Amino acid sequence: TQLLEQSPQFLSIQEGENLTVYCNSSSVFSSLQWYRQEPGEGPVLLVTVVTGGEVKKLKRLTFQFGDARKDSSLHITAAQPGDTGLYLCAGAYSGNTPLVFGKGTRLSVIA
Amino acid sequence: DAGVIQSPRHEVTEMGQEVTLRCKPISGHDYLFWYRQTMMRGLELLIYFNNNVPIDDSGMPEDRFSAKMPNASFSTLKIQPSEPRDSAVYFCASSLEGRAVDTQYFGPGTRLTVL
């Protein structure tokens, strides 16, 4: 049973388009993180959200934590080829428990 | 500063052989994590250490897997004997305090292929 479902699994878009990817669970998380992983490398942290309804922006990336802290979304505005990669969400049930990762959304931005 | 260092980057071995993966965490980080990534199962936590002591090894799939951290700057993950289903990318990560909101810094991974 996958505790964190990410959708879509794969996404291929043209440069300049907007997109949203989702991370959903039936469980409540105390915090949630988004990572980006490029081929041949380890994941790199993008953002951490801890409060229900929280919105964080990182340049063209907007992250939102659901009000009930069971889901999250990542919106990218005007995607660029450099955004290509595997986007992983990871949640923790409490402040000191290990992270549970989703399988990720593999994004390809075509120039 | 050097990030998390893993070796080897690639390992190809035959079924039944012993495999040892190595990790050097970022200096000063108290927590070290071992993960396995496959297409089918995604990124799974195998075991993590705090100050060189194993805290949770419930993710270790079988007795064939073992991990050690003899000192603050070195950890190993050993598979003996290896099987084809162990083929995956194995990541080591470290963090300063181990809280869920802390940043985990991942190494580049070891791609293991068991024939």
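Each reported figure results from applying straightforward, stated rules to the coordinates on display, with no laboratory input. Fair warning: this is a prediction, and the values are worked out from it, not measured in the lab. Note that each Cβ is placed from the backbone with ideal geometry, even for glycine, and that neighbours are counted across all protein chains shown.
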message = Based on this model, can you work out whether B:Arg111 counts as more than 10 Å from every other protein chain (Cβ to nearest Cβ) and assigned to a strand (DSSP E or B)?
response = no
request  = Could you please find all residues in region B:70-108 being buried (at least 16 other Cβ atoms within 10 Å of the Cβ), in contact with an Asp or Glu (Cβ under 6 Å, 6 or more places away or on another chain) and away from chain A (no Cβ under 14 Å)?
outcome  = B:Ile79
request  = Determine the pairs where a residue that is within 9 Å of another protein chain (Cβ to nearest Cβ), located within region A:21-46, has a partner that is among the aromatic types (Phe, Trp, Tyr) and surrounded by fewer than 17 Cβ atoms within 10 Å (Cβ to Cβ) with Cβ atoms under 8 Å apart, the partner being 6 or more residues away or on another chain.
outcome  = A:Phe29/A:Tyr93; A:Ser30/A:Tyr93
inquiry  = Going by what's in this entry, would B:Ala67 be described as within 13 Å of another protein chain (Cβ to nearest Cβ), buried (at least 17 other Cβ atoms within 10 Å of the Cβ) and without any contact (Cβ under 8 Å) to a residue 40 or more places away in the chain?
reply    = no
task = Taking the residues in region B:1-27 that are touching a strand residue (DSSP E or B) at 6+ places or on another chain (Cβ under 7 Å) and polar (S, T, N, Q) as candidates, determine which candidate is surrounded by the most Cβ atoms within 10 Å (Cβ to Cβ).
result = B:Gln6
